[in-house]
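K.L.:
The structure is given below, and queries will be raised subsequently.
The values are calculated or read from the model by the stated rules, or taken from the named source; none is laboratory data. Nothing here was measured: the structure is a model prediction, and the numbers come from that model. Cβ placement follows ideal geometry from the backbone for every residue including glycine, while neighbour counts extend to all protein chains displayed.
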Amino acid sequence: MTILTETLPARGQTQAVARVAGGLRGRIAPLIAGLDALVPQAGGARERSIVRAPFTGEAVGSTPACIAEDVALAAERARAAQAAWADTSPAYRRAIFLRYHDLVLDRQEQLLDLIQIEGGKARRHAIEEVFDVAISARYYAYHAAGYLRPRRRQHPLPILAQAWEYRRPVGVVGIIAPWNYPLTVVVSDAIPALLAGNAVVLKPAEITPFTALYAVQLLREAGLPDDLFQVLTGRGRDIGAPLIAASDFLCFTGSTATGRGVASLAGQNLTRCSLELGGKNPMIVLDDADLDRAVHGAIQGCFSNAGQMCISFERLYVQGGIFDSFVDALVRRTQALCLGPALDYSTDIGSLISQGQLDKCTAHIQDAVGKGVTVLAGGKARPDLGPNFFEPTILTDVTPEMDLYRDETFGPVVSIYRFDDVEDAIQAANDSEYGLNASIWTRDLPRGRALAGRIRCGTVNVNEAYAATWSAHAPMGGMRNSGVGRRHGEEGILKYTEAQTVGIAPYGPLFPPFNLDIELTARLFPTLLRAVKHVPGLR
């Protein structure tokens, strides 16, 4: 085992810790005042779920720990509100979400504070969530009506019948959201569901509930009917199963293991679901890549949100001709990153969410070190900065018997592998049970696009980490054990609908037409069908 790392430079972190410690409760208090009123409770007192700031570990608030009876109440209210909402016009709904777009941008600083205080991420990464929600609101506000409009479908007997496809809302959409993106995943998944005419019942992660509650409060301020979007706070083991049972469609983002359980429960009622699950995502750097841009992309793709992204990279495959210069540059850039707590843009990487995530990162590193890994950067917890900080870590000499070789770490830990033949890199990139996100770096864009088509991932970026495919216009989701279904684009809203076909026969029963003799019909129809085969628009 070789350790070549140095401790990250202080760069003012000690002063940042002093500024943040003890001050978070006061900063969050006015933002969360009254948010409890948004949580439905069926009567009686509830236990409280304590929310702690990852930066410091201090308690910054609490929310009701909902129970099954609260789920039933939330579903009842949502279903009642949905009936009226489904009858509203597309223009009415559009106006609400365009107002919401502006409110999100107007309250940017408040949202950033909430995301950081309860989620622990650096502000430069939190801002991505704010912009994503605004973009999603604008996109679906303008495009939902087009996706949902009735469509005339061709009938094989066009004179005798016509067929129309309608998109009907499913009813109540349940959303179980994770802690790593407490604004984006909560709201960007809910927006198309609501614009499709549905109600939403949301269970945010119990450790990051305030961002979700504040976001729903802004929706009500924009004009969304009060009962249409319900929020249930508390533990998944208490309210997850009742929420799945009460939903007409279930949207889940989280681990693959939990996703399998969610799918099993949904399947008991034949409830359709979309699941965005885990990943062990690869990045491939070819010899002809722009070195500076590729290194910047690796920093972004590996260490954004302290690596706590389903689409972050934990495997880097670098071609031999650029390997040494790439690794040297990546190590230098990584060791220069500013790690620490700050409610401004002065830091590059924030905290892990909890002791549990810290323990997992530590366990993966200790296991790998014991089996001969080389640590080029990081590899250590930083309790001097806060209870959950872990240095961004670069590893080489990773072998299959190490836990992190295949298992998702979900932290700022990346392994680098050298390759010479591109075919070997493609094979290695696909050698995983997961298939969520990937990235290829090359100056030859047609080659990059062709190679992207050979990688078994739902999104593949060329010369970008993840933002090139994270578009409201284009579908995003996983292959293999990384999920089922897609968010964004047309698929991202149509999944919240049921397709209904209405057929009209103006002249009565189609077969035999016009009450023709069945034997005559049997003789004439083959000639008609052969003729239709050659008529554009009918065949």
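K.L.:
Which of the residues belonging to region 459-472 are small (Gly, Ala, Ser) and either surrounded by 23 or more Cβ atoms within 10 Å (Cβ to Cβ) or not assigned by TED's automatic domain parsing to the domain that holds Ile284 (or both)? Working first, answer last.
P.N.:
At the first step, the residues of region 459-472 found to be small (Gly, Ala, Ser) are 465, 467-468, 471-472.
Of everything in region 459-472, just one residue is small (Gly, Ala, Ser) and either surrounded by 23 or more Cβ atoms within 10 Å (Cβ to Cβ) or not assigned by TED's automatic domain parsing to the domain that holds Ile284 (or both), namely Ala465.
K.L.:
Next up: With the condition being farther than 24 Å from Thr469 by Cβ and aliphatic (A, V, I, L, M), I'd like the helices (runs of 4 or more DSSP H) fully within region 189-306 carrying at least 2 qualifying residues. Talk me through it step by step, then tell me what you get.
P.N.:
Values: elements: 209-222, 236-246, 256-268, 291-303.
It comes to 209-222, 236-246, 256-268.
K.L.:
Oh, and also: Would it be correct to say that Ile28 is in contact with a strand residue (DSSP E or B) (Cβ under 8 Å, 6 or more places away or on another chain), more than 20 Å from Ile191 (Cβ to Cβ) and modelled with pLDDT of 95 or more? Walk me through it before giving the result.
P.N.:
Values: in contact with a strand residue (DSSP E or B) (Cβ under 8 Å, 6 or more places away or on another chain): yes; more than 20 Å from Ile191 (Cβ to Cβ): yes; modelled with pLDDT of 95 or more: no.
Answer is no for this residue.
K.L.:
On to the next question. Select the strands (runs of 3 or more DSSP E) contained entirely in region 404-483, then report the ones holding at least 2 residues which are touching a strand residue (DSSP E or B) at 6+ places or on another chain (Cβ under 8 Å), under 18 Å from Val295 (Cβ atoms) and basic (Lys, Arg). Explain how you work it out, then say what you get.
P.N.:
Details: elements: 413-419, 437-441, 459-462.
No strands (runs of 3 or more DSSP E) qualify here.
K.L.:
Now a separate question. Examine region 494-514 for a residue that is crowded, with 18+ Cβ neighbours inside 10 Å and part of a loop (DSSP other than H, G, I, E, B), and state whether such a residue exists.
P.N.:
yes
K.L.:
When you look at Ala80, is it modelled with pLDDT of 95 or more and touching a strand residue (DSSP E or B) at 6+ places or on another chain (Cβ under 9 Å), yes or no? Give the derivation first.
P.N.:
Numbers: modelled with pLDDT of 95 or more: yes; touching a strand residue (DSSP E or B) at 6+ places or on another chain (Cβ under 9 Å): yes.
Judged against the criteria, Ala80 is a match.
K.L.:
List the residue pairs whose Cβ atoms are under 8 Å apart, where the first residue sits in region 234-245 and is in the same structural domain as Ala72 (by TED's automatic domain parsing) and at positive phi, the second is crowded, with 16+ Cβ neighbours inside 10 Å and of a type in the set (Val, Ile, Thr), and the two are 6 or more positions apart or on different chains.
P.N.:
From region 234-245, the pairs are Gly234/Thr63; Gly234/Ile67.
K.L.:
Another question, then. Under 9 Å between Cβ atoms, which residue pairs at least 6 apart in sequence (or on different chains) link something in region 415-427 that is farther than 24 Å from Glu401 by Cβ and in the same structural domain as Ala368 (by TED's automatic domain parsing) with a partner that is among the hydrophobic types (A, V, I, L, M, F, W, C) and crowded, with 20+ Cβ neighbours inside 10 Å?
P.N.:
Once the first residue is farther than 24 Å from Glu401 by Cβ and in the same structural domain as Ala368 (by TED's automatic domain parsing) and sits in region 415-427, its partners that are among the hydrophobic types (A, V, I, L, M, F, W, C) and crowded, with 20+ Cβ neighbours inside 10 Å give Val422/Ile284; Val422/Leu286; Val422/Leu451.
K.L.:
Another question, then. I'm trying to understand the selection: among the residues of region 421-456, which are within 16 Å of Lys280 (Cα to Cα) and of a type in the set (D, E, K, R)?
P.N.:
From region 421-456, those within 16 Å of Lys280 (Cα to Cα) are 425-440, 455-456; that's our starting set.
Across region 421-456, the qualifying residues are Asp431, Glu433, Arg456.
K.L.:
Still on this model: Out of Thr521, Thr527, report the one residue that is in a helix (DSSP H, G or I), surrounded by fewer than 10 Cβ atoms within 10 Å (Cβ to Cβ) and not aromatic (Phe, Trp, Tyr).
P.N.:
Details: Thr521 fails: surrounded by fewer than 10 Cβ atoms within 10 Å (Cβ to Cβ).
Selected residue: Thr527, the only one of Thr521, Thr527 that is in a helix (DSSP H, G or I), surrounded by fewer than 10 Cβ atoms within 10 Å (Cβ to Cβ) and not aromatic (Phe, Trp, Tyr).
K.L.:
Among the residues in region 391-413, are any in contact with a Cys (Cβ under 9 Å, 6 or more places away or on another chain), over 25 Å from Leu275 (Cβ atoms) and β-branched (Val, Ile, Thr)?
P.N.:
Checked region 391-413: at least one residue is in contact with a Cys (Cβ under 9 Å, 6 or more places away or on another chain), over 25 Å from Leu275 (Cβ atoms) and β-branched (Val, Ile, Thr).
K.L.:
Just checking, how many residues over region 388-414 are within 18 Å of Val327 (Cβ to Cβ), crowded, with 22+ Cβ neighbours inside 10 Å and of a type outside the set (A, V, I, L, M)?
P.N.:
Count: 4.
K.L.:
Search region 338-361 for residues being buried (at least 17 other Cβ atoms within 10 Å of the Cβ) and without any contact (Cβ under 8 Å) to a residue 60 or more places away in the chain, and hand back the single one that is nearest to the chain's Cα centre (by Cα).
P.N.:
It comes out as Gln357.
K.L.:
Can you name the number of the only condition in (1) crowded, with 22+ Cβ neighbours inside 10 Å; (2) among the aliphatic types (A, V, I, L, M); (3) over 24 Å from the mean Cα position of the chain (by Cα) that Leu277 fails?
P.N.:
Every condition holds for Leu277 apart from (3).
K.L.:
Could you tell me whether Ser432 is touching an Asp or Glu at 6+ places or on another chain (Cβ under 7 Å), assigned by TED's automatic domain parsing to the domain that holds Gly320 and touching a residue at least 60 places away in the same chain (Cβ under 8 Å)? Working first, answer last.
P.N.:
On the way: touching an Asp or Glu at 6+ places or on another chain (Cβ under 7 Å): no; assigned by TED's automatic domain parsing to the domain that holds Gly320: yes; touching a residue at least 60 places away in the same chain (Cβ under 8 Å): yes.
No: the conditions fail for Ser432.
K.L.:
Residue under question is Ser351, and the condition is that it be touching a strand residue (DSSP E or B) at 6+ places or on another chain (Cβ under 9 Å) and in a loop (DSSP other than H, G, I, E, B); does it hold?
P.N.:
Working: touching a strand residue (DSSP E or B) at 6+ places or on another chain (Cβ under 9 Å): yes; in a loop (DSSP other than H, G, I, E, B): yes.
In short, yes.
K.L.:
For a quick check of your reading: which strands (runs of 3 or more DSSP E) sit entirely within region 57-176 and have at least 2 residues that are surrounded by fewer than 23 Cβ atoms within 10 Å (Cβ to Cβ)? Let's see the steps before the verdict.
P.N.:
Working: elements: 59-64, 151-153, 162-169, 172-176.
In region 57-176, the matching strands (runs of 3 or more DSSP E) lie at 59-64, 151-153, 162-169.
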